[in-house]
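To start, the structure under review is shown below, and the notes come after it.
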Amino acid sequence: MPSITALALRKPRRMNLALLSLALVAVVAQLSGLLSSDPVQALPTAERPMVLAVGYFDNRSEAAEWQALSKGLADMLITDLADTEGVTMVERDRLQALLGEIKLGKSAFVDPASAAKLGKGLGASHILLGAYHIHAGKLRIDARAVDVAQGTVGATAQESGSADDVFSIEAKLAERLRQQLQVKKKATTLTPPKVTAEDVRAYGQGLEALDEGRMEDARRILSTLAARKPDFAQVQRGLDQMSRKIKQLLDNSKVAPEKALALAEQVEAGKVEACVPFNTEVTNLTTAATKASLKILMPDGSDKNDLGRLLASYYALVLNLLDRPGLQQPVCFGQAPAAMALAQFLFVLHTPARAVLGCEETRIAQMPNPDQVRRQCERTMQRVPDLTDASGKVMVNGRDLPLLMVQMGQVMLDRYPASPYMQSLLPMIQEYVEHLRLAGLKGKDKDAAMAAARTQKARAAILQHTAYADLYLGMAMAPGSPQQQSAMPGLGLRLQLGISEGDIAMGTGRIEVSRDAGKTWHLWPQKEHAAGWAYPHLNVAVQPGARELVGLVESKEGNPPQPKVELTAGKWHTKAGWLGAPWSEAQMVSLVARLVGEDGTELIRCPLAYDAELTARANAAWLYGKLLCKGG
């Protein structure tokens with residue numbers, strides 16, 4: 001039977017006015033139905049609030065390596081669109097759980113009808129689908145919202161830009177979707193971070209590891225990313241998702257202390273009198289774990305499994321407390337019970353975690369004696385425990401304790417920034433964060449960062465020394481009489497180094513000396529400068545060159561002079577000489593040296609202090625002075 005629309009569009013026949021009016025009304029009604037995919041139908045109302053789910057976007061890039069970007073983008077959009085008035089977002093873990101149950105194929109994210117079925121399973125009124133493409137440093141994202149009830153596409157949006165600024169592209173895409181759906185973003189004062197496609201892919205890889213139950217990989221990826229990109233707040237969402245999953249595992253293993261949990265329930269129920277016994281239980285657990293931590297680091301050691309079980313029990317308790325809204329408020333003596341327990345857990349965890357941290361290769365490479373440290377670490381790592389349940393099942397690998405410090409430290413920073421414990425915890429947490437940041441770098445970036453880290457160690461050592469006394473860099477002496485000058489033709493000044501690299505710390509890249517009060521600088525001779533070394537009995541360099549400050553080589557009687565590798569700490573030559581005319585007292589007092597870090601920054605200056613007394617005792621045959629690095 002022909003439709004009313006078809007009847008109305010046939011060639012005109014004789015028809016009364018009433019019938020024609022009826023046909024036109026029907027046409028309008030049917031056209032309204034055809035246009036029902038207009039974004040206006042998606043508008044949230046009090047009677048029909050919008051519940052929006054975000055599916056995983058399809059990777060249309062030529063490289064499969066960008067597949068992990070899918071989950072990262074989805075989670076970013078969930079966070080962004082959650083700041084929309086009248087819209088409730090479906091969390092990603094619900095989508096992941098449903099996908100695991102129904103095992104929908106890839107078509108669920110391409111075909112609107114299949115996606116609508118998925119949306120119904122999530123209790124969503126709309127589901128957001130899309131695709132992305134990365135090529136030649138550019139990223140393009142296409143998105144469309146499917147009305148779950150109708151199974152039709154409503155709002156659509158597309159945005160593109162540099163792959164080095166994914167956050168900006170995603171934020172613009174989310175705003176376009178809001179405009180299509182005619183909804184408004186909630187007021188926010190957050191500063192958008194600079195996030196690259198590589199960052200979002202790494203985040204997606206962390207979520208993927210989490211979904212597949214690879215907790216160690218998830219902790220490593222997410223914690224490292226949190227350290228490398230501290231302004232990428234999205235990573236904290238991933239860490240929170242991981243904490244929820246680990247909590248489920250620990251709850252199933254029943255490792256949390258039952259008495260402390262029971263008292264926590266009473267505190268949450270408003271029974272303030274339970275605060276004292278609850279705090280006592282936490283303190284007892286802290287004391288037991290602290291004693292066990294100290295014992296395993298002693299030469300005779302201790303049963304590391306005891307510490308592993310105690311830490312696992314403590315970890316389970318903290319995750320349980322963090323999951324209780326009533327324990328996030330200062331209900332016990334002006335403190336939040338969850339914050340207090342988390343802080344104490346971090347203090348206890350710090351001892352074994354720092355032992356592991358000291359044995360990380362990135363940290364060993366900053367030491368002046370790396371081989372010796374590696375030998376010590378072989379013994380240390382044997383005493384570091386895994387976090388286990390009563391049956392011995394490993395919950396957290398001992399090598400991952402620094403990552404656990406970052407994971408839980410980020411929670412502390414995010415939830416309780418005003419906690420009285422933060423003054424002590426902040427530098428502790430920053431140490432682990434900085435280590436992970438360095439470990440996550442590659443190539444030239446890592447070399448530069450390692451040089452800066454070693455330089456900072458040297459600077460700290462120098463500041464510590466010079467806080468109480470000047471640092472003695474070396475002795476300077478110049479011939480003050482014609483007889484001495486003729487005995488050393490071609491050499492105007494002798495310098496004797498008085499420090500070694502080990503006296504300072506690793507990180508001092510070079511020593512420089514200036515004869516004009518710092519206007520121009522000359523490099524202190526090193527092993528590779530052998531071509532510029534001089535012999536005392538000659539008035540020119542062995543192999544003349546541009547260098548004026550050269551290494552001095554003594555020659556024994558009867559043997560031809562040979563350059564000897566008299567280096568301090570394998571880097572600097574002990575003795576140096578200045579080629580050129582004789583030096584006067586005025587020239588000597590213009591002498592200044594400085595220590596320069598591996599990263600090229602100046603560590604400290606060391607002016608010459610002329611020694612008139614010693615010069616007088618030598619009857620001015622020699623002029624003497626000391627290079628002293630002045631401290632505070």
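The values are calculated or read from the model by the stated rules, or taken from the named source; none is laboratory data. Computed from a predicted model, the values in this text were never measured in an experiment. Cβ atoms come from the backbone with ideal geometry, glycine included; neighbour counts cover every protein chain shown. Ligands, DNA and RNA are excluded from the accessible area calculation, which covers all protein heavy atoms including side chains. Shrake-Rupley method; radii C 1.70, N 1.55, O 1.52, S 1.80 Å.
Cβ-Cβ distances below 7 Å connect the following pairs, each with a first residue in segment 435-462 that is basic (Lys, Arg), a second residue that is open to solvent by 50 Å² or more (accessible area, probe 1.4 Å) and part of a loop (DSSP other than H, G, I, E, B), and a separation of six or more residues or different chains: 454/598.
If the condition is being within 27 Å of residue 441 (Cβ to Cβ) and either in contact with a strand residue (DSSP E or B) (Cβ under 8 Å, 6 or more places away or on another chain) or among the aromatic types (Phe, Trp, Tyr) (or both), then segment 163-214 contributes 163, 166, 167, 168, 169, 170, 197, 203.
Every condition in (1) open to solvent by 40 Å² or more (accessible area, probe 1.4 Å); (2) in a helix (DSSP H, G or I); (3) closer than 30 Å to residue 270 by Cα is met by residue 329 except one, and the failing one is (2). Can you tell me which of 620, 576 is touching a residue at least 60 places away in the same chain (Cβ under 8 Å) and surrounded by 21 or more Cβ atoms within 10 Å (Cβ to Cβ)? From the options 620, 576, the qualifying one is 576.
Condition first: out of contact with any Asp or Glu (no Cβ under 8 Å at 6 or more places or on another chain) and open to solvent by less than 20 Å² (accessible area, probe 1.4 Å). Now tell me which residues in segment 579-603 satisfy that. Working first, answer last.
So in segment 579-603, the residues out of contact with any Asp or Glu (no Cβ under 8 Å at 6 or more places or on another chain) come out as 581-589, 591-592, 597-603.
Across segment 579-603, the qualifying residues are 583, 588, 591, 592, 597.
Based on what the data block shows, is residue 324 of a type outside the set (Val, Ile, Thr), over 23 Å from the mean Cα position of the chain (by Cα) and open to solvent by 80 Å² or more (accessible area, probe 1.4 Å)?
Working: of a type outside the set (Val, Ile, Thr): yes; over 23 Å from the mean Cα position of the chain (by Cα): yes; open to solvent by 80 Å² or more (accessible area, probe 1.4 Å): no.
For residue 324, the condition - of a type outside the set (Val, Ile, Thr), over 23 Å from the mean Cα position of the chain (by Cα) and open to solvent by 80 Å² or more (accessible area, probe 1.4 Å) - is not met.
Does residue 228 count as closer than 20 Å to residue 437 by Cβ, of a type in the set (Lys, Arg) and either buried (at least 22 other Cβ atoms within 10 Å of the Cβ) or touching a residue at least 24 places away in the same chain (Cβ under 8 Å) (or both)? Yes.
What is the residue count in segment 262-277 for residues that are crowded, with 17+ Cβ neighbours inside 10 Å and either in contact (Cβ under 8 Å) with a residue 24 or more places away in the chain or under 35 Å from the mean Cα position of the chain (by Cα) (or both)? Full working, then the answer.
So the first thing to find is which residues in segment 262-277 are crowded, with 17+ Cβ neighbours inside 10 Å, and the list is 263-264, 267-268, 274-275.
Narrowing the set further to residues that are either in contact (Cβ under 8 Å) with a residue 24 or more places away in the chain or under 35 Å from the mean Cα position of the chain (by Cα) (or both) leaves 264, 267-268, 275.
Total meeting the criteria: 4.
For segment 361-380, the condition holds for no residue, the condition being that it is aliphatic (A, V, I, L, M), in a loop (DSSP other than H, G, I, E, B) and within 23 Å of residue 309 (Cβ to Cβ). Meeting the requirement of 2 or more residues that are over 15 Å from residue 576 (Cα atoms), touching a helix residue (DSSP H, G or I) at 6+ places or on another chain (Cβ under 7 Å) and among the aliphatic types (A, V, I, L, M), the helices (runs of 4 or more DSSP H) wholly within segment 416-532 are 422-439, 443-466. Please work out if residue 239 is within 19 Å of residue 414 (Cα to Cα) and surrounded by 15 or more Cβ atoms within 10 Å (Cβ to Cβ). Yes: the conditions hold for residue 239. Taking (1) modelled with pLDDT of 85 or more; (2) farther than 27 Å from residue 57 by Cα in turn, residue 204 satisfies each apart from (2). Restricting to segment 62-85, give me the number of residues that are open to solvent by 20 Å² or more (accessible area, probe 1.4 Å) and among the hydroxyl-bearing types (Ser, Thr, Tyr). Residues in segment 62-85 being open to solvent by 20 Å² or more (accessible area, probe 1.4 Å) and among the hydroxyl-bearing types (Ser, Thr, Tyr): 1 in total.
Restricting 273, 281, 268 to residues that are touching a Lys or Arg at 6+ places or on another chain (Cβ under 7 Å) and farther than 29 Å from residue 384 by Cβ narrows the list to 268.
Every residue, every condition in (1) touching a His at 6+ places or on another chain (Cβ under 6 Å); (2) within 20 Å of residue 271 (Cβ to Cβ); (3) surrounded by fewer than 17 Cβ atoms within 10 Å (Cβ to Cβ), yes or no:
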{"residue": "312", "(1), (2), (3)": "no, no, no"}
{"residue": "333", "(1), (2), (3)": "no, yes, yes"}
{"residue": "342", "(1), (2), (3)": "no, no, no"}
{"residue": "359", "(1), (2), (3)": "no, no, no"}
{"residue": "377", "(1), (2), (3)": "no, no, no"}
{"residue": "381", "(1), (2), (3)": "no, no, yes"}
{"residue": "394", "(1), (2), (3)": "no, no, yes"}
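Please determine whether any residue of segment 619-628 is in a loop (DSSP other than H, G, I, E, B) and under 25 Å from residue 467 (Cα atoms). Outline the logic, then answer.
Let us first name the residues in segment 619-628 that are in a loop (DSSP other than H, G, I, E, B), namely 619-621.
Those still in the list that are under 25 Å from residue 467 (Cα atoms) too: none.
The answer is no; no qualifying residue exists.
Is it the case that segment 492-509 has a residue that's open to solvent by 50 Å² or more (accessible area, probe 1.4 Å) and modelled with pLDDT under 70?
Pass one, segment 492-509, residues open to solvent by 50 Å² or more (accessible area, probe 1.4 Å): 494, 496, 502-503.
If we keep only those that are modelled with pLDDT under 70 as well, we get 502-503.
Within segment 492-509, one or more residues are open to solvent by 50 Å² or more (accessible area, probe 1.4 Å) and modelled with pLDDT under 70.
Taken over segment 568-618, the residue count meeting the criterion of being more than 40 Å from the chain's Cα centre (by Cα), at pLDDT 90 or above and part of a loop (DSSP other than H, G, I, E, B) is 3.
Tell me whether segment 466-484 contains one or more residues that are without any contact (Cβ under 8 Å) to a residue 40 or more places away in the chain, small (Gly, Ala, Ser) and out of contact with any Asp or Glu (no Cβ under 9 Å at 6 or more places or on another chain).
Within segment 466-484, none of the residues are without any contact (Cβ under 8 Å) to a residue 40 or more places away in the chain, small (Gly, Ala, Ser) and out of contact with any Asp or Glu (no Cβ under 9 Å at 6 or more places or on another chain).
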